[in-house]
Amino acid sequence: MAAGSTTWPHKTRNESRTAHRVRVNWQIKAIVPVVFVLLAGLLLFTIATLSLNGPERHFVLTVAAAGAVVICGVSVGVLAYLIQRPMLELQEKMSVISRGDLDVAVSFSRRNDEIGDLGRNFNHMMRQLRESRMEIEKMHRTQMSRAEHLATLGELATGLAHEIRNPLAGIAGVIEIIGRDLPESSPARAMVKDVRLEINQINRILTDLLETARPHPPQMMRSNLNTTVEHAVMLARQQVLSKPIRIELQQAPGLAEVEHDSDQIHQVVLNLLLNAVQAIEGPGTVTVTVGGRDDCATITVFDSGRGMTPQQIAQIFRPFFTTRANGTGLGLPLVRRIVDEHHGRIAVTSEPGKGSIFEVEIPFIHAAEQVEA
């Protein structure tokens, strides 16, 4: 197999050089068979006229030769009009394309023959290239916008972490002391509890901001994905003890170990669960299912909440976009980044009033390890 791979390029280059040396104009290639047929016809005609007298035979042969020349000329002219003009136009358009201009089309596509088919295929190909370039440009603008958001996010995170967390720690300490000193019957104890919850909310926002702005690469280890998901579910259940919401877990006992960063995937599942809980107004259920498909493990989070519109689904992974009044718009972008760094994918299905389904796929084996193997 290696020998064949080595000699094949040499063979291709030799054939290319041979084709270059014997290059013949297409008009000559087209007219040679016509000339051959006409010469053969003249030869037969000459033999057939041997019985004629000299002057008569000479006149007949002259007329036949002139007819042959006329036929050759007309053939060349017809070929030039039907084939050469489209080929020259095609070469001109290709030259324009090589300069980066894809807004071109050939005029001979209106012909109802094979040359017309070529023109229509060429124009169709150019339309597809224009559409592809527009899509690539749109994706590039989206990526640039996302990069600008993340750059701004990084600058904000660095300043906010130092300017808010230190005073916040002091406030939390003072509130803790005040709460201990208050009498059991004091109504201010409820206010102290609310303040603690708000402080925890601010800390969570800062943590999400820092994780999104200053990500660290995942520490990949082969471990049980069921255990990672179970820990996140247990923590989320503590968050809904006072709410009429059930969080159900369906594990996959026979699932093979998955190479992943358990802390980061724990954060992914927890963020998805908290989003699901916040999307439910009143009683509801959140179902987490662990499974496997082909070479990937899957984590599915389904909630019976208010759902989302297609316009909202298109925006939910953008930093700072949120559908909640008290949301930060940082949880799902963080989830997307972690899943991407695990070489996985996340898909969303949702309809207003019918809940949402988030499905995360994670390869059993990390892509880098597959390449080395």
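Observations, loosely collected:
- Residue among ASN25, ASN14 that alone is of a type outside the set (D, E, K, R), at pLDDT below 65 and within 30 Å of MET126 (Cβ to Cβ): ASN25
- The set of residues in the stretch 236-250 that are part of a helix (DSSP H, G or I) and surrounded by 14 or more Cβ atoms within 10 Å (Cβ to Cβ) comprises ALA236, ARG237, GLN239.
- Some residue of the stretch 191-204 being out of contact with any Gly (no Cβ under 8 Å at 6 or more places or on another chain), of a type in the set (Lys, Arg) and assigned by TED's automatic domain parsing to the domain that holds PRO352: no
Conditions tested, residue by residue: (1) assigned to a strand (DSSP E or B); (2) surrounded by 19 or more Cβ atoms within 10 Å (Cβ to Cβ).
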| position | (1), (2) |
| --- | --- |
| ALA252 | no, no |
| GLU259 | yes, yes |
| VAL269 | no, yes |
| VAL290 | yes, yes |
| ALA297 | yes, yes |
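- Looking only at the stretch 74-97, residues that are in contact with a helix residue (DSSP H, G or I) (Cβ under 6 Å, 6 or more places away or on another chain) and without any contact (Cβ under 8 Å) to a residue 40 or more places away in the chain come to 1 in all.
- Residue match in the stretch 280-297 (condition: in contact (Cβ under 8 Å) with a residue 40 or more places away in the chain, of a type in the set (Asp, Glu), in the same structural domain as GLN238 (by TED's automatic domain parsing) and closer than 24 Å to GLN219 by Cα): yes
- Scanning the stretch 310-333 for residues that are in contact (Cβ under 8 Å) with a residue 40 or more places away in the chain, in contact with a strand residue (DSSP E or B) (Cβ under 8 Å, 6 or more places away or on another chain) and among the β-branched types (Val, Ile, Thr) turns up nothing.
- Condition met for VAL104 (within 33 Å of the chain's Cα centre (by Cα), β-branched (Val, Ile, Thr) and assigned to a loop (DSSP other than H, G, I, E, B)): yes
The values are calculated or read from the model by the stated rules, or taken from the named source; none is laboratory data. Everything numeric here is computed off the predicted structure, so don't read it as measured data. Note that we place each Cβ from the backbone using ideal geometry, even for glycine, and neighbour counts take in every protein chain shown.
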